[in-house]
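Here is the structure we will look at, set down as structure tokens.
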């Protein structure tokens with residue numbers, strides 16, 4: 001904005017009155033005193049005025065094309081400024097004086113968002129996994145024990161079955177830095193899970209469903225892979241990492257937004273969870289194949305899990321595990337030409353478990 | 001329209017006092033500017049990004065002040081004073097308050 005003094009002709013042919021003039025980017029305002037002493041103000045859009053500089057009087061002349069009224073201002077500075085504003089108005093938006101700022105801001109915005117996406121999807125998870133892999137076996141064991149104790153499962157433990165399952169797994173001779181401890185818990189949930197540090201919990205209801213020793217071997221080697229590959233610890237660190245990242249980014253956001261962001265983050269962590277489950281299936285299968293145990297154990301296990309959990313009717317992207325059919329198909333794919341030898345020791349322990 | 005920080009204008013006596021007027025402008029230095037200004041904070045040097053924002057806020061406040069003066073029939077504003085404040089969480093926004101006396105010279 002610039003301000004000037006001027007002589008304003010209220011109507012064509014009238015006496016000029018002293019006026020104060022403000023020139024903005026789209027309009028100009030002329031304030032003046034009417035002959036009756038009252039204040040008057042008119043606004044002229046810059047698109048409706050013609051501006052010129054009169055060399056003889058050294059004044060800037062502005063004429064309203066519609067009204068035919070005129071305004072004079074001393075010097076040529078006003079003429080130059082009004083013309084500049086008029087030119088700027090006619091320019092398309094991307095050629096305006098501030099369009100460079102727009103372009104730069106847009107570039108910065110996309111760079112910034114790109115950086116955030118990169119951080120959230122790649123760098124934070126990578127860092128979290130790196131940190132998880134530095135956690136010692138001892139610390140993981142303490143963490144796992146704390147989780148197990150907090151769940152209050154020890155009261156329902158079936159010690160006899162636990163002993164046999166531990167014996168079964170020891171007979172499989174799977175080398176590991178972790179000392180694997182399997183606990184059978186009396187419960188009607190058809191499930192099993194691994195906590196960090198080597199503890200595997202198998203619910204009695206799932207154990208009842210299992211009909212063959214390869215199926216039990218499949219279950220244990222799947223859960224063992226979770227332990228051995230630090231899946232739980234990695235998940236904890238990843239969740240923590242993305243929570244901290246989101247917290248830093250959206251710290252003071254309202255509750256609705258934080259619920260949305262939380263759920264989006266949950267969906268992302270489910271993707272990771274499915275990846276880990278697949279890894280546990282594939283590595284578990286390798287354990288079976290190396291010991292010449294029938295890989296069909298996995299298929300049987302999946303069938304039993306499917307019968308027990310109607311929740312698997314959910315679309316895959318909402319599930320923590322891959323779709324059962326998919327699991328069966330990649331297990332079948334990876335176990336072609338498998339050599340199978342019946343292991344009498346495992347068979348006899350399994351029979352004891354089933355008694 | 002004459003806008004000045006002085007109380008009198010040489011050679012142009014005040015004919016009429018039209019009252020005290022003020023105008024505010026509150027402007028945020030957007031998130032990118034904050035980041036770049038933050039870098040300046042680390043590396044030193046002039047923070048042009050904040051200077052531009054401050055300049056813009058001052059322009060806006062003075063423009064509003066001039067419009068108010070014009071509406072009162074004034075052709076000058078005397079004793080203009082500019083106050084700068086930071087507001088918003090973490091002082092992320094700038095407020096400029098322009099005050100002056102609308103007069104007819």
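Only the coordinates and a few stated rules stand behind these numbers; no lab work does. Because the structure is predicted, anything quoted here is derived from the model rather than measured. Positions of Cβ are backbone-derived with ideal geometry, glycine not excepted, and every protein chain shown enters the neighbour counts.
Return the FRET efficiency for the residue pair residue A:341, residue A:275: r is the Cβ-Cβ distance, R0 is 25 Å, and the value is rounded to the nearest 0.05. Numbers along the way, then the final one.
Working: r = 32 Å, r/R0 = 1.28.
Between residue A:341 and residue A:275 the formula returns 0.20.
Need one number: nm distance between label points at residue A:260 and residue A:43, each 7 Å from Cα along Cα→Cβ, rounded to one decimal.
3.5
What number, rounded to the nearest 500 deg cm²/dmol, is the helix-based mean residue ellipticity at 222 nm of the protein assembly as shown, given -39500 (n - 2.57) per DSSP H run of at least four residues and division by all its residues? Intermediate results must be reported in sequence, preceding the final value.
Numbers: 14 runs with 223 residues, N = 460.
After summing the helix terms and dividing by the residues of the protein assembly as shown, the value is -16000 deg cm²/dmol.
At 7 Å along the Cα-to-beta-carbon direction for both residue A:83 and residue A:193, put a label point, then send me their distance in nm to one decimal.
In this crude spin-label approximation the distance works out to 7.8 nm.
Would you mind putting A:327-337, A:44-54, B:6-16 in packing order, based on average other-beta-carbon counts within 10 Å, highest first? Before the final figure, lay out the partial values.
Values: A:327-337: 14.2, A:44-54: 15.9, B:6-16: 10.5.
Taking the mean over residues of other Cβ atoms within 10 Å, the ranking is A:44-54, A:327-337, B:6-16.
From Cα coordinates alone, what are the radius of gyration and Dmax values for segment A:1-80 in angstrom?
11.7, 34
Using a Gaussian network model on chain A with a 10 Å cutoff between Cα atoms, which of A:265, A:294, A:101 fluctuates the most?
Highest fluctuation of the listed residues: A:101.
Quick check on segment A:135-354: of the DSSP beta bridges with both residues there, what percent are antiparallel, nearest 5%?
Values: 5 of 10 bridges.
Percent antiparallel among DSSP bridges in segment A:135-354 is about 50.
Give me the Debye-computed log₁₀ of I(q)/I(0) at q = 0.15 Å⁻¹ for chain A, equal point scatterers on Cα only, no solvent, two decimals.
Log10 of I(q)/I(0), two decimals: -1.21.
What length, rounded to one decimal in nm, is gained on full extension from residue A:332 through to residue A:244, with 0.36 nm per residue of separation minus their alpha-carbon distance?
Details: separation 88, 0.36 × 88 = 31.68 nm, distance 4.01 nm.
My answer for the length gained is 27.7 nm.
Given contacts defined as C-alpha pairs under 8 Å and at least six residues apart, what's the relative contact order of segment A:55-179, whole-number percent? Please list the in-between numbers first.
Values: 34 pairs, mean separation 13.9, N = 125.
Relative contact order here is 11 percent.
Run the quick spin-label model on residue A:123 and residue A:151: label points 7 Å from Cα toward the beta carbon, then report their separation in nm to one decimal.
3.6
Rg and Dmax in Å for segment A:135-189, alpha carbons only: what are they?
Cα only, segment A:135-189: 12.7, 34 Å (Rg, Dmax).
For chain A, with a Gaussian network of springs between Cα atoms less than 10 Å apart, report the residue from A:276, A:118, A:89 with the top mean-square fluctuation.
Maximum among the listed residues: A:89.
Treating the angle as unsigned and between 0 and 90°, give the value, to the nearest 10°, between the Cα long axis of helix A:324-334 and the longest Cα principal axis of chain A.
70
Compute the relative contact order of chain A as a whole-number percentage, counting only Cα pairs closer than 8 Å that sit 6 or more residues apart in sequence. Walk me through the numbers before you get to the answer.
Numbers: 493 pairs, mean separation 41.7, N = 355.
Relative contact order for chain A comes out at 12 percent.
Take the alpha carbon atoms of segment A:135-231, find their radius of gyration, then divide it by 2.2 N^0.38 Å using N residues; give the quotient. Don't skip to the end; give the middle numbers.
Numbers: Rg = 12.6 Å, N = 97, 2.2 N^0.38 = 12.5 Å.
So segment A:135-231 has a normalised radius of gyration of 1.01.
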